[in-house]
Amino acid sequence: MFNRFASLVKAFFNSLLGKMEDPEMMLEQTYQELQANLIQVRQAVAQAIATEKQLEQQLQKNKDQAQTWQNRAQMAVQQGNDDLARQALQRKQQFSQAAADLETQLKAQREATTTLRQRLTELEGEVQKAYTKKQVLIARDKAAQATSKANEILSKSTADGAMSVIDKMEQKVLERESKAAAMAELGSDQLDKKFKSFEGQVDIEAELMALKGNSGGGQKLITGSKEPVLVEANDTVDVEDVEEKQL
């Protein structure tokens, strides 16, 4: 069992060389196998310890029985019953021989248990190393996959291509903005604009006439009426008369 388990530990990573379809799955599967074998080894060590305890108990019982029949043989001798004493000594020898055999067996079992415990400790360390290595390999594999994916994406799309699309969209936006401005201009009241422009020109002409009148010319501007009126500078004009004329 231990040789098989040690082989599994040594082949923990070598087994991945020919099966790299899914490294994470293979790592997890192999580690689970190591864990299952480790559990079996622990159970074997526990059984060895239990066997050692049983041998110790049996040895002690045989020693106790041997001492008991020794005491009985002594009692039979004191009572002068040699035949009974012989029978007691025979029993005592049987238990003493069994105790001797158990002593030898117990010694061998103790050595085996000590060896198993040492091997178990070593295997637990190897399994822990395998776990750490497994985690590192899984992380490295995921990083490699992410890098490959990024490189694949970069190989299929470039920044120049993206900017080309953005430039096209910018042109479309400009065209839509121009169209919206043209529609707004067509929808405005052109007649109202013309009148406003005309009114502005009338105001300018009125101010020009006023300037000429103030400079001492032959005409003066009457501005108290609805519309400005030019008259001779020396004439006296009533504003009401002007308004009546305009009517």
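In table form, for the structure just shown:
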read-out: Checklist (1) at pLDDT below 90; (2) loosely packed, with under 14 Cβ neighbours inside 10 Å applied to Met26, failing item; value: (2)
read-out: Unique residue being in the same structural domain as Leu120 (by TED's automatic domain parsing), part of a helix (DSSP H, G or I), among the aliphatic types (A, V, I, L, M) and in contact with a Phe, Trp or Tyr (Cβ under 9 Å, 6 or more places away or on another chain) when the list is Val41, Val45, Val77; value: Val41
read-out: In region 39-67, residue nearest to Lys92 (Cα to Cα) [restricted to those that are among the β-branched types (Val, Ile, Thr) and in contact (Cβ under 8 Å) with a residue 24 or more places away in the chain]; value: Thr51
read-out: Region 88-102, subset loosely packed, with under 15 Cβ neighbours inside 10 Å and not small (Gly, Ala, Ser), residue farthest from Thr51 (Cα to Cα); value: Gln90
read-out: Single match in Arg91, Arg140, Arg117 (criterion: in contact with a helix residue (DSSP H, G or I) (Cβ under 7 Å, 6 or more places away or on another chain) and either of a type in the set (Gly, Ala, Ser) or closer than 30 Å to Glu28 by Cβ (or both)); value: Arg117
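The values are calculated or read from the model by the stated rules, or taken from the named source; none is laboratory data. This structure is a prediction, so every number in the text was calculated from the model and none was measured. Positions of Cβ are backbone-derived with ideal geometry, glycine not excepted, and every protein chain shown enters the neighbour counts.
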